[in-house]
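Report on the structure given below.
Every number in this text was worked out from the coordinates using simple rules, so none of it is lab data. This is a predicted model, so every value here is computed, not measured. Cβ: placed from backbone, ideal geometry, glycine included. Neighbour counts: every protein chain shown.
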Amino acid sequence: MSRLFRRSLKDDRGSAAVEFAFVAPMMILLYYGMSETTIGMICDRRASHVAATVGDLIAQDTQVTTAEMTDVFNVGKAIIAPFPTTTLSMRITSIKADSNGNPQVVWSKVSGSAYSVRSGAVSGVPTGLLATGETAILSEVSYSYTSPLAKTLPTPITFTQKFYLKPRKVNEVTWSTA
């Protein structure tokens, strides 16, 4: 019996298979983690690009109509593709500093369910962005990302982006009901 035991200790056949059995689960988990993290980072960049682009399109305009706003929101949905657009929410708000320099909502439009239409005072505007009577376009995006693999990121992650842009062609981008 002792000779058989000593011989099995010296026998290293199959040791690579045992080592692989120990290392493979960790390598597979690392692969899934890196894949899901990379896809999540791409999604976050797309959400940021949506916020910048839709805000910039409105800031380039002089007067916005319902049809134009629908088109701008559709551009945002096209940018986020190939990710699903069902959890994409966008809000465009025109803000103006009143006589005391406090930012107030002039108009606000929404696409998606994460935001509601703004009204009244706006908080969180960077200091020095607006002087009395000046306007800006506030573009906000919220996107809830659910990993298609759901191995290392099993719950959705919500990315939110906010951009302030000054109107380019006029002092104030107006809303037209026509």
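For the chain, what percent of Cα pairs sit more than 26 Å apart?
Values: 7487 of 15753 pairs.
In whole percent, the share of Cα-Cα pairs in the chain beyond 26 Å is 48.
Can you sort 146, 155, 53, 38 by how many other beta carbons sit within 10 Å, fewest first? Present the calculation step by step, with values, prior to reporting the outcome.
Values: 146 15, 155 7, 53 18, 38 10.
In increasing order of surrounding Cβ atoms, one gets 155, 38, 146, 53.
Once label points are set 7 Å from the Cα along Cα→Cβ at both residue 41 and residue 105, what is their separation, rounded to one decimal in nm?
Distance between the two pseudo-spin positions: 3.6 nm.
Using 0.36 nm times the number of residues separating residue 49 and residue 134, minus their current alpha carbon distance, what extension gain do you get? The partial results should precede the final answer.
Working: separation 85, 0.36 × 85 = 30.60 nm, distance 2.52 nm.
Between residue 49 and residue 134, full extension yields an extra 28.1 nm.
Under a plain spin-label model, where a point goes 7 Å from the Cα along Cα-to-Cβ, how far apart in nm are residue 22 and residue 175?
With each label placed 7 Å out from Cα toward Cβ, I get 6.5 nm.
In whole Hz, with x marking every Gly and Pro, tabulate ³J(HN,Hα) for the range 36-51 from phi via Karplus 6.51 cos²θ - 1.76 cosθ + 1.60, θ = phi - 60°.
Per-residue couplings from phi come out as 5, 5, 5, 5, x, 5, 4, 5, 4, 5, 5, 4, 5, 5, 4, 4 Hz.
What is the angle, in °, between the Cα long axis of helix 66-80 and the longest principal axis of the Cα atoms in the chain? Nearest 10 is fine, range 0 to 90.
In the chain, helix 66-80 runs at an angle near 20 degrees to the longest axis.
Only counting other Cβ atoms within 10 Å, I'd like 34, 90 sorted with the fewest neighbours first. Intermediate results must be reported in sequence, preceding the final value.
Numbers: 34 11, 90 28.
Placing the least packed residue first, the sequence is 34, 90.
About the Cα centre, and with charges only on the beta carbon of Lys, Arg (+1) and Asp, Glu (-1), how big is the dipole of the chain? Nearest 20 debye, please.
Working: 17 positive and 13 negative charges, 168 e Å.
For the chain, the charge dipole is close to 800 debye.
Tell me the Rg and the Dmax, in Å, that the Cα atoms of the range 3-96 produce.
Just the Cα atoms of the range 3-96 yield Rg and Dmax of 27.1, 93 Å.
Which number gives the lysine pairs in the chain that have C-alpha atoms under 19 Å apart and are eight or more places apart or on different chains? Could you put the intermediate results ahead of the total?
On the way: 77/109; 77/162; 96/109; 96/162; 96/166; 96/169; 109/162; 109/166.
Here the count comes out as 8.
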